[in-house]
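Following: one structure in structure tokens, then a few remarks.
The values are calculated or read from the model by the stated rules, or taken from the named source; none is laboratory data. As the structure is a computational prediction, the values presented were derived from the model and not from experiment. Note: ideal-geometry Cβ built from the backbone for every residue, glycine included; neighbour counts use all protein chains shown.
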Amino acid sequence: MRNIPPEVPVPLSDTVKPAGDGGTMALERLFASLRPELLRFAWWLARDRAVAEDVVQEALLRAWRSRDSLKDPAAARGWLLTIVRREHARLYERKRLEITDLDEVIAAEDSQLGTESEELVGLRLAITQLPEEYRVPLVMQVLGGFTTDEIARELTLSTAAVLTRLFRARNRLRRIYGLMPAPDGMDEPAV
Amino acid sequence: MTHEEARLLIGAVPGEVGPTLAEHLAGCPECTQFQQQMLRMNRDLTRLFSAPLPPRAAIRVVALPVVASARPKPASGLPRWLALAASMVVSIGLGVMFWTLRPQPSLAAGVLDHVAQESGSWSEVAPMTAAATDKVLSGAGVTLDPADTTVTYARICLFNGHWVPHLVVRTARGPVTLMVLRQEHVPGRQSFRQNGYSGVLVPDPAGGTLAVIAQGDPNMDDVLRALGPHLHWIP
């Protein structure tokens, strides 16, 4: 390691680590680069910034402990999103989270965002008010990029059940656009 | 394919049109209109899901168990005089370390790199609870006086392959980042400046390293002096 005199600015290029530690460092950077997306994913599951940060924190700890099971770095995104989803579910089960005054919070947050159209503000609120069983597959599909088969496997549902839940989620959001929801009376296929 | 079946598929996966659905859409203007509406909604969903997140709200959507602000005494039952003595040792130690300088450029650069990656940590203003701060510091061998310090950011971060506490503390000198690097060892104090940040690495009494970073070009001795009395190392 090169020593430099005190008080001399240190170039960031000195972050290069010994070759033997390269894999670990690369994975660390990969985790760091994916963190904003994981946080966004967790926010839409938890609908709360602080909880989302806790979920991502726990998920990254868990992922780091089992990093040896990640064979292909290209699969890291899906792998980490899955861990975040499970960590959120675990937290939800563990704490029996209570929803409190959601409208007030969303309104407060929207006033802080300020730039979204009225329709998007309405859509944001409508998504956060979707039941968990509809919101989770929708977030997994649109934000996470999971296929319906992958969502089905992850949520231990049949593909048909996932299709129904995704349809119902979007159908409920139609009201935001001033549209009548389509008939929604179909039974959900057996899990 | 019936209208209901077509709308189920469109509503579930708006952008995916298989041969059977395509055939249905070709002869059904109502379902085609439904598809257009769903595609538009999907574009909005994609926009919304990629938009910046709201900051931490003052009101929490989800009520998590909150530990009362009056924290229990440490189980170790460490006498107060010993804690005070340890605190004084830290303060004196920080001063002495100023004169024993041997730099480790990679560690300093890594700290700056990490802080730059989490630049949003500086802008947090809502105080963390004492419980949240304690949780992050647990196992790090150090505590912060909850009554005298305002912590606005407390995370356990991955750094050089280890999970380390990363805090932002509001001081009279502005926000200051603290990272407790138990696995890193520096023989003496190292000061550095880069990209609008100033920082110091100092050996801590537990054998690790304390990284202190501030924005701009403040006198880091003043920053350390402001922090020192509020940091307590747990033997």
Kindly evaluate B:PRO175 against the criterion of being assigned by TED's automatic domain parsing to the domain that holds B:ALA85 and either assigned to a strand (DSSP E or B) or of a type in the set (Asp, Glu) (or both). yes
Which of the residues belonging to the range B:197-216 are out of contact with any helix residue (DSSP H, G or I) (no Cβ under 9 Å at 6 or more places or on another chain) and at pLDDT 85 or above? B:GLY208, B:GLY216
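Residue-wise test of (1) aromatic (Phe, Trp, Tyr); (2) out of contact with any His (no Cβ under 9 Å at 6 or more places or on another chain); (3) within 23 Å of A:VAL55 (Cα to Cα).
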{"position": "B:PRO127", "(1), (2), (3)": "no, yes, yes"}
{"position": "B:LEU137", "(1), (2), (3)": "no, yes, yes"}
{"position": "B:GLY161", "(1), (2), (3)": "no, yes, yes"}
{"position": "B:GLU184", "(1), (2), (3)": "no, no, no"}
{"position": "B:SER191", "(1), (2), (3)": "no, yes, no"}
{"position": "B:VAL202", "(1), (2), (3)": "no, yes, no"}
{"position": "B:ALA214", "(1), (2), (3)": "no, yes, no"}
{"position": "B:MET220", "(1), (2), (3)": "no, yes, no"}
{"position": "B:LEU227", "(1), (2), (3)": "no, yes, no"}
Between a first residue in the range B:188-208 that is over 13 Å from B:VAL111 (Cα atoms) and a second residue that is of a type in the set (S, T, N, Q), which pairs have beta carbons less than 7 Å apart while being 6 or more apart in sequence or on different chains? B:GLY188/B:THR100; B:ARG189/B:THR100; B:GLY196/B:GLN215; B:PRO203/B:THR209; B:GLY208/B:GLN183
Using the structure shown, decide if A:LEU34 is away from chain B (no Cβ under 11 Å), modelled with pLDDT of 80 or more and within 28 Å of B:ARG193 (Cα to Cα). yes
Which condition does B:ALA226 not pass, out of (1) aliphatic (A, V, I, L, M); (2) modelled with pLDDT under 85; (3) under 29 Å from A:LEU27 (Cβ atoms), if it passes all the others? (3)
In the range B:204-231, which residue that is part of a strand (DSSP E or B) and under 19 Å from B:GLY139 (Cβ atoms) is nearest to the other protein chains (Cβ to nearest Cβ)? B:ALA211
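Residues of the range B:32-53 being closer than 21 Å to B:THR20 by Cβ and of a type in the set (A, V, I, L, M, F, W, C), which ones?
Result: B:PHE34, B:MET38, B:LEU39.
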Given the criteria at pLDDT 85 or above, within 29 Å of B:LEU9 (Cβ to Cβ) and either more than 8 Å from chain B (Cβ to nearest Cβ) or out of contact with any Ser or Thr (no Cβ under 8 Å at 6 or more places or on another chain) (or both), does A:LEU179 qualify? no
Looking at the structure I just gave you, is B:ILE234 within 14 Å of chain A (Cβ to nearest Cβ) and buried (at least 16 other Cβ atoms within 10 Å of the Cβ)? no
